Amino acid sequence: MKAIRVHEFGGMEVLRLEEVPMPQPGPGEVVVRMHAAGVNPVETYIRAGKYARLPELPYTPGNDGAGVVEQVGSDVSEFKAGDHVYTSGSISGTYAEFALCKKEQAHPLPANVSFAQGAAMGTPYATAYRGLLQRAVAKPGETVLVHGASGGVGTAAVQLARARGLRVFGTAGSDEGLKLAREQGAHEVFDHRAPEHFEQIMKATGGHGVDVIVELLANLNLGKDLTILAKGGRVVIIGSRGPVEIDPRNTMQRDVDVRGMILPNTPPAELASIHAALVAGLENGTLRPVIGKEFPLADAPQAHRAVMESKAFGKIVLVPSKVGI
């Protein structure tokens, strides 16, 4: 089969399309024929060797994907060949025509959901759910601000917050992004290019402040986030690209919390509950993954460039059936 392989950490050029052996399922494992593979910012950090947890070289990137079960291990009763699934992790990597997964990493993909949409679930939606509902403990009736509400995690957070009964604010950096955030359910949207957008957000709360902030670029926003939180407010840090300076007094004055998270730290039982909720959301239509761009498998370098652009909307996916040149 064809797969993207990385033999050394570095720039986008280290992503190479190669022929590799087909994976074979062992006990508790399934092989999935990938129809779509999700591309996430974290995979660019890993590829560059700038992440806390790095795989052994060589490796095939990717945790997220969706497709059809090809084979199951001898003791797997939860799935059978032909089942549609999405993946939230992979033993062999999802940037490939086939991926080997533990049975716990595969989840039912409802018939009303496309493979590309399924590839958006594993990291973006699970991250948004974990951050918003498990770490920040957002409650119905509270106001939540989603920074970067037009990206993969951002659109997921907006949809989850709206379904949970929160008042949802979202920021984006273009007219198209602001429109998308509103379409996904944001009650109010703010252009983060505007120098006064934090003041606009505070004014929109009537001076009360926001209860929860889903922060996707903490190195840029955290210092100001702390000035617009309500008493007892929480910032959950999902993404950051560097250090930031804050004034600790802004946490003291209103008893606010700053909570970090990375998805791999999620306990197995909590992760299982996340995906049970996500599958239900797909089935009832409250979760509707937005697909931004699709790339052939050979264009993984271009997909890594696209996922890091500020104008990226929705989910970036690779389509293994479109191998490319």
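Quick rundown of the values:
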| quantity | calculated |
| --- | --- |
| Hey, residue 162 in a helix (DSSP H, G or I) and open to solvent by 70 Å² or more (accessible area, probe 1.4 Å) or not | yes |
| Flag for residue 146 being open to solvent by less than 30 Å² (accessible area, probe 1.4 Å) and hydrophobic (A, V, I, L, M, F, W, C) | yes |
| Qualifying position, being of a type outside the set (A, V, I, L, M, F, W, C) and in contact with a Phe, Trp or Tyr (Cβ under 9 Å, 6 or more places away or on another chain), among 142, 176, 183, 196 | 176 |
| Subset tally (residues that are over 15 Å from the mean Cα position of the chain (by Cα) and either under 24 Å from residue 217 (Cβ atoms) or surrounded by fewer than 11 Cβ atoms within 10 Å (Cβ to Cβ) (or both)) for region 266-275 | 3 |
| Among (1) over 16 Å from the mean Cα position of the chain (by Cα); (2) outside any loop (DSSP other than H, G, I, E, B); (3) surrounded by 14 or more Cβ atoms within 10 Å (Cβ to Cβ), the one test that residue 306 misses | (1) |
| Some residue of region 242-256 being loosely packed, with under 14 Cβ neighbours inside 10 Å, under 21 Å from the mean Cα position of the chain (by Cα) and modelled with pLDDT under 95 | yes |
| Strands (runs of 3 or more DSSP E) enclosed by region 181-299 - at least 3 residues per element that are β-branched (Val, Ile, Thr) and within 23 Å of residue 141 (Cβ to Cβ) | 210-215 |
| Inter-residue pairs, beta-carbon under 7 Å, first within 20 Å of residue 217 (Cα to Cα) and in region 173-194, second open to solvent by 90 Å² or more (accessible area, probe 1.4 Å), 6+ apart | 173/193; 173/310; 174/311; 189/182 |
| Unmet requirement for residue 223, which otherwise passes all of (1) open to solvent by less than 30 Å² (accessible area, probe 1.4 Å); (2) within 24 Å of residue 134 (Cβ to Cβ) | (2) |
| Failed item in (1) under 20 Å from residue 87 (Cβ atoms); (2) charged (D, E, K, R); (3) in contact with a helix residue (DSSP H, G or I) (Cβ under 9 Å, 6 or more places away or on another chain), with residue 283 passing the rest | (3) |
| Residue check for residue 151: within 13 Å of the chain's Cα centre (by Cα), in contact (Cβ under 8 Å) with a residue 24 or more places away in the chain and open to solvent by 10 Å² or more (accessible area, probe 1.4 Å) | yes |
| Selection status of residue 279, of a type outside the set (Asp, Glu) and closer than 13 Å to residue 146 by Cα | no |
| Test: residue in region 52-73 that is among the basic types (Lys, Arg) and either open to solvent by less than 50 Å² (accessible area, probe 1.4 Å) or in contact with a helix residue (DSSP H, G or I) (Cβ under 9 Å, 6 or more places away or on another chain) (or both) | yes |
| Region 198-220, subset of a type outside the set (A, V, I, L, M, F, W, C) and in contact with a helix residue (DSSP H, G or I) (Cβ under 9 Å, 6 or more places away or on another chain), residue surrounded by the most Cβ atoms within 10 Å (Cβ to Cβ) | 215 |
| Filtered residue count, region 1-43, keeping only those that are under 24 Å from residue 82 (Cα atoms), without any contact (Cβ under 8 Å) to a residue 40 or more places away in the chain and under 23 Å from the mean Cα position of the chain (by Cα) | 0 |
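The values are calculated or read from the model by the stated rules, or taken from the named source; none is laboratory data. Source: prediction; values computed, not measured. Reconstructed Cβ throughout: ideal geometry from the backbone, glycine too, with neighbour counts over all protein chains shown. To get the accessible areas, we keep the full protein, side chains included, count just its heavy atoms, and leave off ligands, DNA and RNA. Shrake-Rupley method; radii C 1.70, N 1.55, O 1.52, S 1.80 Å.
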